[in-house]
C-alpha cells in the first residue's frame with residue numbers, strides 16, 4: 001500500500017529549521033495495522049500527515065497505490081484523499097452545527113454521491129458504529145465516545161482503503177478507549193483496511209500487527225507479532 | 001441540500017457576526033439609496049428651475065451683449081400733461097432676422113426661432129410747474145413678447161399652458177390679438193375677449209396662458225410682426241431660441257453660434273445652471289460632495305468590516321476547513337460555502353438597506369423645506385426671454401423720478417421656490433442590492449483567498 005523511501009520533512013521555525021522526519025524508509029502492506037508510538041514532537045503526526053497527503057515531504061518518495069504523493073498535483077492528492085483515505089482525529093473534528101448524520105454525509109460530498117445513496121450509506125455507517133439512533137443529534141449532544149464513533153463512521157462511509165488515526169483514544173476515558181479500540185479492530189478485520197494508528201497508549205498499540213517507534217524523526221519497528229486478518 | 005443546510009446552520013451559529021455584517025451593509029446600501037434619491041430630487045428641482053427660467057425645448061438663447069440706447073428717449077416737461085405708451089427694447093440689442101436663419105442652418109441645430117422681448121411703458125408726465133392731478137398714476141411697465149407664429153414649439157410660449165381661449169393661429173401674424181399671462185390677467189381682471197392697449201394700439205385677448213411658476217414670464221404675447229411694427233424694429237429680433245439636434249450637441253452648437261455671431265451673448269442651460277444660487281444650489285452641492293462621499297465611505301467601511309469579520313471567521317474555523325480538506329473537499333468547494341454565507345448576509349443587508357434607504361428618502365422628502373433658487377436674470381444676460389424685463393423701469397425712473405409699477409421683477413435677480421422630493425427608482429434599488437451582494441462577494445473572496453492558502457496539515461495542527 002505504502003512505500004516510503006528516504007523521506008525527510010523540514011519545517012522553518014523562526015530562523016532555524018526543524019527536521020521532523022529524517023530519511024525515513026517504511027513499507028506498509030495492504031490490510032496491515034501499524035501502530036506508531038513515540039514522544040510528543042518526535043514526528044508521529046507529521047508521518048501521518050505525509051501518509052494522508054495533508055503535507056508533502058521536503059525530500060523522498062511516498063508511494064501510495066502506485067502514485068508518488070510528493071509529486072502529484074494538489075487536486076490529485078485531494079481526489080485520492082476523498083476516495084481512498086479516511087482520517088480519525090484525537091479531538092474528533094466534527095462540525096458542531098451539523099448533526100451526526102450530516103457530519104458523516106460530509107465525507108461523501110466530494111465524491112458527488114447522489115443524495116438518496118448518501119442517505120443509505122450514512123445510515124449504514126452509523127449503524128455499523130452503533131449510533132443508528134443518534135443520527136439527528138448534534139455533536140454537542142453526544143458523549144466523547146459517541147463523537148469518536150461518529151468520526152469513525154465519517155471516515156469509513158466512503159469505504160476507504162486506508163484509515164489513518166491520530167490518537168483516536170487520546171481524549172477518552174479507559175472504558176471508552178477500550179470500546180473504540182475494539183471497534184477499530186473489528187472494522188479493520190471486517191473491512192480489510194490498512195490501518196495506521198498513532199498512539200501514546202501501549203495498551204492500544206499492542207493490538208496492532210506492528211508497532212513502530214518514532215524517535216527524533218527516525219523510525220524503528222519494535223513489534224511484529226500479530227497475524228493479518230483472515 | 002447539504003450546501004444550504006450547512007450554510008443555514010453556520011449563519012445561525014455565528015448570528016452576531018451575521019447581524020453585524022448585514023447591518024453594516026444595510027447602512028451602506030441605505031445611504032446609497034438615500035443620497036441617490038436626494039441627488040435625483042436635486043436634479044429634478046434644478047431641471048424644474050431651469051425649465052421654468054429657460055423654456056421647455058430651448059437649449060440655447062442668443063442675445064446681443066450691447067444694449068443700444070432705446071426706450072422712450074429724453075422727456076422734456078411741457079406746460080401740458082403728456083401721456084406715453086411705448087413699446088421698446090431698453091436693455092437688449094437687436095439682430096437682423098437673417099441671423100435666425102443663419103443659426104438654423106448650423107450643423108448641430110435642430111430648430112431656431114427669433115423673438116422680441118420688449119417692455120411696454122405707460123406713463124403720464126404732469127404739466128411743467130403744475131402739481132400732479134389727483135388722478136395721477138405712477139408709470140406702469142410690463143413685459144411683452146413678440147412670438148414667431150411659425151415656431152410655436154420653440155420660443156416664449158413653448159412651456160406655456162393654455163388656460164382658456166385659444167392659441168395664436170398662423171394666419172394671425174398681422175392681427176392685433178394677444179395672449180395674456182394668467183397672473184397678469186387675474187390682476188387686471190382680463191378675460192378672453194377683453195381689450196388691452198399696447199403702444200397705443202388696441203389688442204384683443206384671445207387666450208390666457210400659464211407659465212411655470214417663477215418663470216419670469218412676460219405679461220402679454222403678441223405676434224412678432226406686430227411687435228416689430230409697434231416697437232419700430234422691423235426685420236429685427238432681440239433673442240434667438242435654439243434647439244440643438246441632441247443634448248450632447250449643446251456645447252458644440254454654443255461654439256458654432258459664437259463663431260457665427262462673435263458679438264452675441266450665447267446662453268445655454270448649463271451656463272444658466274451655473275448662475276443658480278440659493279438653498280437649492282447648497283443642497284445640490286451637499287448631495288454631490290458630502291452625501292456621495294458619505295455613501296461611498298459607508299459602503300467601503302461596510303465591505304471592509306464584512307471582509308475583516310470573514311477573515312476572522314475563516315481563521316477561527318481553520319480546524320473545520322482543515323478537516324474538510326482532509327475529507328477531500330476541494331478549496332473551491334469550501335470557498336463556495338464561505339462565499340455563500342457572505343452572500344446570504346449580503347442579501348439580508350440589501351433587504352434591510354432598501355428598507356432603510358426608502359425610510360431615509362421618505363424622511364428627507366417629509367422634512368425638507370421648500371428650496372429656493374436665485375438666478376441673475378437681467379443685465380447679466382443669464383436668463384432667457386425674461387432676462388430683459390427688469391431694467392426698463394430703471395431707465396424710466398431715471399428720467400421722470402418716482403416709483404415705477406412693474407409687473408416684471410425690478411431687480412436683476414429672480415428667485416424660484418421649489419418643492420423638494422427625494423424619489424427612489426427601481427433602478428436605484430437594484431443598484432443598491434447589486435452593491436450589497438458585490439460587497440459580500442468581495443468579503444467572501446477574501447475568505448476564499450485565505451482558505452486557498454490554508455494547508456490542511458497546518459489547519460489541523462491548530463486543533464492539537
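Within the stretch A:163-170, identify whether any single residue is surrounded by fewer than 23 Cβ atoms within 10 Å (Cβ to Cβ), modelled with pLDDT under 90 and more than 14 Å from every other protein chain (Cβ to nearest Cβ), and answer yes or no. No, the stretch A:163-170 contains no residue that is surrounded by fewer than 23 Cβ atoms within 10 Å (Cβ to Cβ), modelled with pLDDT under 90 and more than 14 Å from every other protein chain (Cβ to nearest Cβ).
Sub-7 Å Cβ pairs linking a first residue in the stretch B:1-12 that is within 7 Å of another protein chain (Cβ to nearest Cβ) to a second residue that is in a helix (DSSP H, G or I), at least 6 apart or interchain, are B:2/A:105; B:2/A:109; B:5/A:102; B:6/B:337; B:10/B:341, ordered by first then second residue.
Within the stretch B:223-236, the presence of a residue that is assigned to a strand (DSSP E or B), farther than 27 Å from residue B:106 by Cβ and either more than 32 Å from the chain's Cα centre (by Cα) or modelled with pLDDT under 90 (or both) is excluded. Only one of the listed residues (B:181, B:249, B:176) is over 30 Å from residue B:105 (Cβ atoms) and either without any contact (Cβ under 8 Å) to a residue 24 or more places away in the chain or surrounded by fewer than 21 Cβ atoms within 10 Å (Cβ to Cβ) (or both). That residue is B:176.
Every listed requirement among (1) modelled with pLDDT of 90 or more; (2) surrounded by fewer than 20 Cβ atoms within 10 Å (Cβ to Cβ); (3) within 30 Å of residue A:54 (Cα to Cα) is met by residue B:323 save one, (2). Evaluated against (1) touching a helix residue (DSSP H, G or I) at 6+ places or on another chain (Cβ under 7 Å); (2) away from every other protein chain (no Cβ under 13 Å); (3) within 19 Å of residue A:97 (Cα to Cα), residue B:324 falls short on exactly one condition, (2). Scan the stretch A:106-137 for residues that are over 20 Å from the mean Cα position of the chain (by Cα), within 12 Å of chain B (Cβ to nearest Cβ) and buried (at least 17 other Cβ atoms within 10 Å of the Cβ) and the total you get is 2. Against the numbered list (1) over 30 Å from residue A:109 (Cα atoms); (2) over 17 Å from the mean Cα position of the chain (by Cα); (3) not in a strand (DSSP E or B), residue A:204 comes up short only at (2). So for the stretch A:88-103 (the condition being closer than 27 Å to residue B:7 by Cβ and free of Cβ contacts under 8 Å to residues at least 24 places away in the same chain), does at least one residue qualify? Yes, because at least one residue in the stretch A:88-103 is closer than 27 Å to residue B:7 by Cβ and free of Cβ contacts under 8 Å to residues at least 24 places away in the same chain. The residues of the stretch A:67-78 that are without any contact (Cβ under 8 Å) to a residue 24 or more places away in the chain and under 12 Å from residue A:110 (Cβ atoms) amount to a single one, A:75.
No other residue among B:143, B:152 is more than 30 Å from residue B:79 (Cα to Cα) and free of Cβ contacts under 8 Å to residues at least 24 places away in the same chain apart from B:152. Candidates are the residues of the stretch B:191-202 that are under 17 Å from residue B:141 (Cβ atoms) and out of contact with any helix residue (DSSP H, G or I) (no Cβ under 7 Å at 6 or more places or on another chain); the one that is surrounded by the most Cβ atoms within 10 Å (Cβ to Cβ) is B:196.
Considering the stretch B:13-39, the residues that are touching a residue at least 40 places away in the same chain (Cβ under 8 Å) and within 14 Å of chain A (Cβ to nearest Cβ) include one that is farthest from residue B:305 (Cα to Cα), namely B:14. Which residue is modelled with the lowest pLDDT, if the candidates are limited to the stretch B:242-257 and must be under 13 Å from residue B:61 (Cβ atoms) and in a helix (DSSP H, G or I)? Within the stretch B:242-257, the match that is modelled with the lowest pLDDT is B:250.
Would the stretch A:122-136 turn up any residue that is under 25 Å from residue B:13 (Cβ atoms) and in contact with a strand residue (DSSP E or B) (Cβ under 7 Å, 6 or more places away or on another chain)? No, every residue in the stretch A:122-136 fails to be under 25 Å from residue B:13 (Cβ atoms) and in contact with a strand residue (DSSP E or B) (Cβ under 7 Å, 6 or more places away or on another chain).
Among the residues of the stretch A:61-81, those identified as more than 9 Å from every other protein chain (Cβ to nearest Cβ) and in contact with a helix residue (DSSP H, G or I) (Cβ under 9 Å, 6 or more places away or on another chain) are A:62, A:64, A:65, A:67, A:69, A:70, A:72. When the stretch B:27-49 is filtered for residues that are surrounded by 24 or more Cβ atoms within 10 Å (Cβ to Cβ) and either closer than 16 Å to residue B:295 by Cα or modelled with pLDDT under 70 (or both), the ones remaining, listed by number, are B:28, B:29, B:30, B:31, B:32, B:33, B:34, B:35, B:36, B:37, B:38, B:49.
Looking at the structure I just gave you, is residue A:187 away from every other protein chain (no Cβ under 14 Å), in contact (Cβ under 8 Å) with a residue 40 or more places away in the chain, in contact with a helix residue (DSSP H, G or I) (Cβ under 8 Å, 6 or more places away or on another chain) and assigned to a helix (DSSP H, G or I)? Yes, satisfied. Restricted to the stretch A:1-57, the set of strands (runs of 3 or more DSSP E) holding at least 3 residues that are at pLDDT below 90 and within 24 Å of residue A:188 (Cβ to Cβ) is empty. Scanning the stretch A:82-96 for residues that are within 11 Å of another protein chain (Cβ to nearest Cβ), over 20 Å from the mean Cα position of the chain (by Cα) and either surrounded by fewer than 20 Cβ atoms within 10 Å (Cβ to Cβ) or modelled with pLDDT under 90 (or both) turns up at least one hit.
The values are calculated or read from the model by the stated rules, or taken from the named source; none is laboratory data. Given the structure is predicted, the values throughout are model-derived calculations rather than measurements. Cβ coordinates were reconstructed from backbone atoms using ideal geometry, including for glycine residues, and neighbour counts include every protein chain displayed.
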